[in-house]
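Below you'll find the structure, written out as structure tokens, and then a few comments.
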Amino acid sequence: MEPISHEGLGRLLKLEDNLQTPHVVFSHTDLKESKDLESGGTIKVGKVFDLPPSPLGLDSEKAPYLQLSENIAVLDNAYSIQPKKLVEIAAEFRSEAGYSRLLYAPAVEPSQMPILAYLGVDIFDDLNVELRSSTGWILESGEWIKQNTQIDDLFSHNRSELNRWILRIRNAISNGKLRELVEITSLHNPRVSQILHHSALLLIEKGARVHSTIRSNDLSLNHPAILDFQNRLSNYEPPAQNMVLLILPCSARKPYFKSSSHKRFFNTLREVENHLALHVVSVTSPLGLVPRELEFCYPAAHYDIAVTGKWSASEIEMLRSQLIKLNPTKHYAKAIVHAGSSSKIMTELVKELGIDVVDTRVDRPSSYEGLEILQNIARMTLSDIPILNTKDRAKGEAKGLANFQYGENSDFLVNSEISGRMPYKLRCGDLAAMSPVVGGFGLTLKGGIEYSLQGGPIIIAENFKLVGDLFAVGVKSYKGNWNIGDQVVIKQNDIVTAVGIAKMVPEEMISMNRGVAVEVRHHA
Amino acid sequence: MPEAFVPLTDFVNESKSIPRDHPLDKPVAKWVEEEVLDGKIVEAGVVILRTRGCYWSIKEGCSMCGYFNDTVPGGVSDDMLREQWKKVRSTLRGKKYAKIYTSGSFIDPTEVPFNFADEVMSDMSNMGIEKVLIESLPEFVNPKNFAYTNAPKLEIAIGLESSNPVVLDKSVNKRLRWSHYVKVCKLARDNGAEVKAYILLKPPYLSEKEAIEDAVQSAIDTAPYVDKISINPVNVQKNTVVEKLWFRNEWTAPWLWSVIEVLKRCEDLPVRVYSDPTGGGTRRGAHNCHDCNKRLLEALKNHRLGSGDLKGLHCNCKSRWNTLVKQSKLRRNGSEPHGYRSGFAGSRHF
């Protein structure tokens, strides 16, 4: 079994050639019923495995939730468990089943398969499809439609459609689009949307951080990566005290500073004296507020939203709470709002906090007139603000970014010798440098050593010459905890030999014998 | 007791609630129904007396039994029992067959005092009642508990539920040993009583197919030791494990087709096997689709009274039942999607 790809808690495993999970078993050929009440029958997933006996006499709301056999863990009643409870159970999937057991959810509806796969279920079956088929319904992209043309063997027709549906789920995982598929199935399915709603925290805590583009909409306000970004904004501090907060609109091109509008803003402002004391924060949905230094960080550079120019009540509420996390009363002397359609809202929100704010009242912020007004207002506002030099500013930028990215383990970067400036040249001595791939500071090998001393996650690998990526088979043990997508340090023989990005969660590395465990960025 | 029993014990206890206050001088219910006596259809008077209730339900209870809801935890005094008796005599007068139920065991002397039972029996005998049906757990079937001075012919209904120990332990939560059951059946018959066995159809956790097979096997096992067998499809009673599983959609009430299947497969047994589904045709009782519930219940009634058979019944939902039964063991519980019995014709969510 080899993990190929992850999203959320879901996994795309390669079991054999042409056999991957999430997988669907067909009841007539792959499932054998038990002989008596105390055994569980068998399931064929490539090989034939024993199933655990069904949960006689057990309360489905009490742990342990899964029935286990040697190779299979069964989530019984997946079709009907209360959404909130299901998420609670999902949090325990791997602690109960481990990583090497396949997780099977019997008799679920096709429409629930994407969300269950997102939460970590590997195997589904066609039992409910058989029941639907016997009543004359046709399966079409996970939905049931009433038959109006005669199909001879409806069940086999629906089975092939179910196969396509599962293929779509697998594809979604490998393309990082499972979340989208789940959102689609949740739209008019209250059960799925409730499960999705309740799973937000779990996905932030344990879900894989896959850097795939978030093609956003209103639903995405609950995307784990977005909630995580928003929450971590409270760790963030602007580069210096008493700067002027400049709120700009977001741009279609990411990171924002690469867009033509933001380039024009920059070119206009650089002519103003002491322009380094302006702190650019972009206003956007669904992320809320993105300070300039964090524009590389996932998902600030990885999302897309249908621009409507209208802000919903929930978005305004979200902007308010993000603004509070930024703590403007403490950090900023004044504010300028130059944000087009969101100017009015942002001006009011900043005013609510009691900060001196100027609204440029420009409808098209990057137009020639708009830029001129911005320049004048910036000049006036900055006139009584203390001068901020390049070096201090760079230091502050690095500090803010390091805190945001590494949280409490960030001291080694904050205290290092910081040079260069945003965006690409910023460095923390020889410990870390800006990396669009990592989405912020990418650690060098030396940085990895420091990070591991500060409590960063360490993977202890077998003793061999590490060339290229680290595979699961070479992992001996680990220290600390991480999610997929986090930076980790590899130690061999007590020496740090590489740093890279984790491609599996800790226990999974131990229990898998195949698959990439760490994508290595720097070798010793 | 093996450890595996424990989860269901907790579950049963957590599902229960303290019964409401009931008037002590009134019986739970009384009615008249048709029954077969010596091959003829007669009117039978049915009475449910309110008592302390089943000792087992106070201790733990069975997973499907909600009769404790009708009981009085502190017990009912002899005077109040006599008051109740006065109110039910009119229902029994002129009948040849009487069924006297309590929500427990009639011959448990701690539940129904022997003196009161003895009075009641001779009263019925004087009224001209020829046969009386009472119910009991096997542990009370002891000749001294039903050595009445003057009584009609006794018929003791004993709940076997299933002859499979796994079903009894892990699904029903009833402590009953097969050998003991056989022994008390013999004991009752040797002391002049007839024995009627209750067998459950689809206790909780069991799938439709397992349920059918279990009921048929239990009927075959028990036939030599009893005089008749009643197949009782499990219905959803308040504050029970069954109700919880039903609310969670982990179990649904059996199909009427399953009842008919069991009866057909028991046709060749030397004893009468019949069924009178409690709550039949409703969501909480055995049911099929809306189109055939009434027809099938009518057929079951005629079969019970010996005035009809179960042949020639048909409905569109039978093929659905067939499909479900074939895959039901693979589903690993007793459930099915909402609305399946009617072919998802309504706009129920799924």
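Selection of segment A:15-53 for residues being within 14 Å of chain B (Cβ to nearest Cβ), farther than 19 Å from B:Leu324 by Cβ, of a type in the set (S, T, N, Q) and in a loop (DSSP other than H, G, I, E, B) yields only A:Ser39. With respect to the conditions (1) without any contact (Cβ under 8 Å) to a residue 60 or more places away in the chain; (2) crowded, with 23+ Cβ neighbours inside 10 Å, B:Lys294 lacks only one, and its number is (2). Pairs linking a residue in segment A:169-184 that is at negative phi to a residue that is charged (D, E, K, R) and not in a helix (DSSP H, G or I), with Cβ atoms under 7 Å and 6 or more positions apart or on different chains, are A:Ile173/A:Glu7; A:Leu178/A:Glu7; A:Arg179/A:Glu7; A:Glu180/A:Arg215. Looking for something at pLDDT below 95, basic (Lys, Arg) and not in a strand (DSSP E or B) - is there at least one such residue anywhere in segment A:54-75? Checked segment A:54-75: at least one residue is at pLDDT below 95, basic (Lys, Arg) and not in a strand (DSSP E or B).
There is at least one residue in segment A:252-267 that is in contact with a strand residue (DSSP E or B) (Cβ under 8 Å, 6 or more places away or on another chain), closer than 18 Å to A:Leu319 by Cβ and not assigned by TED's automatic domain parsing to the domain that holds A:Glu109. Evaluation of A:Ile115 against the conditions (1) within 20 Å of the chain's Cα centre (by Cα); (2) surrounded by fewer than 24 Cβ atoms within 10 Å (Cβ to Cβ); (3) closer than 28 Å to A:Pro64 by Cα shows that the sole unmet condition is (2). Checked against the criterion of being farther than 28 Å from A:Gly439 by Cα, β-branched (Val, Ile, Thr) and surrounded by fewer than 20 Cβ atoms within 10 Å (Cβ to Cβ), the candidates A:Ile305, A:Ile324, A:Ile355 yield just one match: A:Ile355. Listed by position, the helices (runs of 4 or more DSSP H) enclosed by segment B:137-248 that each have at least 1 residues that are under 16 Å from the mean Cα position of the chain (by Cα) are B:208-222, B:241-247. Here is a check on your reading of the model: is A:Leu103 out of contact with any strand residue (DSSP E or B) (no Cβ under 6 Å at 6 or more places or on another chain) and either surrounded by fewer than 17 Cβ atoms within 10 Å (Cβ to Cβ) or without any contact (Cβ under 8 Å) to a residue 40 or more places away in the chain (or both)? When the stated conditions are applied, A:Leu103 does not pass them. Among the residues of segment B:91-107, those identified as part of a loop (DSSP other than H, G, I, E, B) and surrounded by fewer than 21 Cβ atoms within 10 Å (Cβ to Cβ) are B:Arg93, B:Gly94, B:Lys96. Of all residues in segment A:89-111, those satisfying the criterion of being within 14 Å of another protein chain (Cβ to nearest Cβ) and either farther than 16 Å from A:His23 by Cβ or of a type in the set (D, E, K, R) (or both) are A:Ile89, A:Glu109, A:Ser111. Of the helices (runs of 4 or more DSSP H) entirely within segment A:334-425, those holding at least 1 residues that are of a type in the set (Gly, Ala, Ser) and closer than 23 Å to A:Thr284 by Cα occupy A:343-352, A:368-382, A:390-406. Among the residues that make up segment B:323-345, is at least one of them touching a Lys or Arg at 6+ places or on another chain (Cβ under 8 Å) and more than 14 Å from chain A (Cβ to nearest Cβ)? The answer is no, given that none of the residues of segment B:323-345 is touching a Lys or Arg at 6+ places or on another chain (Cβ under 8 Å) and more than 14 Å from chain A (Cβ to nearest Cβ). Somewhere in segment A:118-128, is a residue surrounded by fewer than 21 Cβ atoms within 10 Å (Cβ to Cβ), within 14 Å of another protein chain (Cβ to nearest Cβ) and touching a Phe, Trp or Tyr at 6+ places or on another chain (Cβ under 9 Å)? No, because not a single residue in segment A:118-128 is surrounded by fewer than 21 Cβ atoms within 10 Å (Cβ to Cβ), within 14 Å of another protein chain (Cβ to nearest Cβ) and touching a Phe, Trp or Tyr at 6+ places or on another chain (Cβ under 9 Å).
Restricting attention to segment B:236-279, which residues are under 22 Å from A:Ser54 (Cα atoms) and more than 14 Å from chain A (Cβ to nearest Cβ)? Within segment B:236-279, B:Val236, B:Ala253, B:Pro254, B:Ser258 qualify.
When you scan segment B:305-318, do you find a residue that is modelled with pLDDT of 95 or more, within 30 Å of B:Glu194 (Cβ to Cβ), part of a loop (DSSP other than H, G, I, E, B) and out of contact with any Lys or Arg (no Cβ under 6 Å at 6 or more places or on another chain), even just one?
No, segment B:305-318 contains no residue that is modelled with pLDDT of 95 or more, within 30 Å of B:Glu194 (Cβ to Cβ), part of a loop (DSSP other than H, G, I, E, B) and out of contact with any Lys or Arg (no Cβ under 6 Å at 6 or more places or on another chain).
A:Tyr424 fulfils the conditions (1) without any contact (Cβ under 8 Å) to a residue 24 or more places away in the chain; (2) in contact with a Cys (Cβ under 6 Å, 6 or more places away or on another chain) except for a single criterion, (2). Do we find that A:Gly500 is crowded, with 22+ Cβ neighbours inside 10 Å, part of a strand (DSSP E or B) and not aromatic (Phe, Trp, Tyr) in this structure? Yes; evaluated as a whole, the condition is true for this residue.
Residue-by-condition table, conditions (1) over 19 Å from A:Phe265 (Cα atoms); (2) crowded, with 18+ Cβ neighbours inside 10 Å:
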{"residue": "A:Glu295", "(1), (2)": "no, yes"}
{"residue": "A:Lys310", "(1), (2)": "yes, no"}
{"residue": "A:Leu319", "(1), (2)": "yes, yes"}
{"residue": "A:Ala333", "(1), (2)": "yes, yes"}
{"residue": "A:Ile336", "(1), (2)": "no, yes"}
{"residue": "A:Ala339", "(1), (2)": "no, yes"}
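Number of residues in segment A:234-288 that are under 20 Å from A:Thr347 (Cα atoms), outside any loop (DSSP other than H, G, I, E, B), polar (S, T, N, Q) and in contact with a helix residue (DSSP H, G or I) (Cβ under 6 Å, 6 or more places away or on another chain) equals 1. Restricted to helices (runs of 4 or more DSSP H) entirely inside segment A:80-189, those with at least 1 residues that are at pLDDT below 95 and closer than 30 Å to A:Ser511 by Cα are A:83-90, A:93-97, A:154-174, A:178-186.
A:Trp137 meets all of the listed conditions (1) hydrophobic (A, V, I, L, M, F, W, C); (2) within 14 Å of another protein chain (Cβ to nearest Cβ); (3) closer than 30 Å to A:Met1 by Cα but one, namely (3).
Selection within segment A:209-234: residues that are surrounded by fewer than 17 Cβ atoms within 10 Å (Cβ to Cβ) and more than 26 Å from A:Lys503 (Cα to Cα). The member of this set that is modelled with the lowest pLDDT is A:Asp218. In this entry, B:Ser57 is excluded by the filter for residues that are crowded, with 24+ Cβ neighbours inside 10 Å and either among the hydroxyl-bearing types (Ser, Thr, Tyr) or over 21 Å from B:Leu176 (Cβ atoms) (or both). The set of residues from segment A:223-233 being in a helix (DSSP H, G or I) and under 18 Å from A:Ala172 (Cβ atoms) comprises A:Pro224, A:Ala225. Screening B:Asp38 with (1) surrounded by 13 or more Cβ atoms within 10 Å (Cβ to Cβ); (2) farther than 16 Å from B:Ile100 by Cα gives one miss only, at (1).
On inspection, B:Cys317 fails the criterion of being more than 22 Å from the chain's Cα centre (by Cα), away from every other protein chain (no Cβ under 14 Å) and under 21 Å from B:Val234 (Cβ atoms).
The values are calculated or read from the model by the stated rules, or taken from the named source; none is laboratory data. Since we're looking at a predicted model, the values are computed, not measured. Glycine gets a Cβ as well: all are built from the backbone with ideal geometry, and neighbour counts include every protein chain shown.
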